[in-house]
């Protein structure tokens, strides 16, 4: 590589570039190896283990709190559904009572109507008395109608 550079830029410049590249290329390789060693030793360290355990505890605590909140919400929903069900049952009972009362009043009204129709038929079946007379004024009003 130095010979290629020497042909392009000259011997002295090629020597300087070769030394710089010889120093720069190993530096990233050393940094990569150092990072890998750090990651390996960091996984086995007590501090890292303690941090991981604490994170697990915090996550578990948050999950427990979320489940407790969900359970409380479900209890509230169940209580409200019970209230709604009780109110619906009360309204249904009131509607049934009202319908029964209406049916009984309708039956009583139909019975009274039947009795009145029978009485009317009885009155219409009797002949009118010959002595029954209407005065001229009333007769005129009846005809004018």
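Let me spell it out: the conditions are (1) within 55 Å of the chain's Cα centre (by Cα); (2) not in a helix (DSSP H, G or I), and residue 103 meets all of them except one. Which number is the exception?
Against the list (1) within 55 Å of the chain's Cα centre (by Cα); (2) not in a helix (DSSP H, G or I), residue 103 comes up short only on (2).
Is there a residue in segment 11-20 that is at pLDDT 75 or above and part of a helix (DSSP H, G or I)?
Checked segment 11-20: no residue is at pLDDT 75 or above and part of a helix (DSSP H, G or I).
The values are calculated or read from the model by the stated rules, or taken from the named source; none is laboratory data. Since the model is a prediction, treat every value here as computed from it, not as a measurement.
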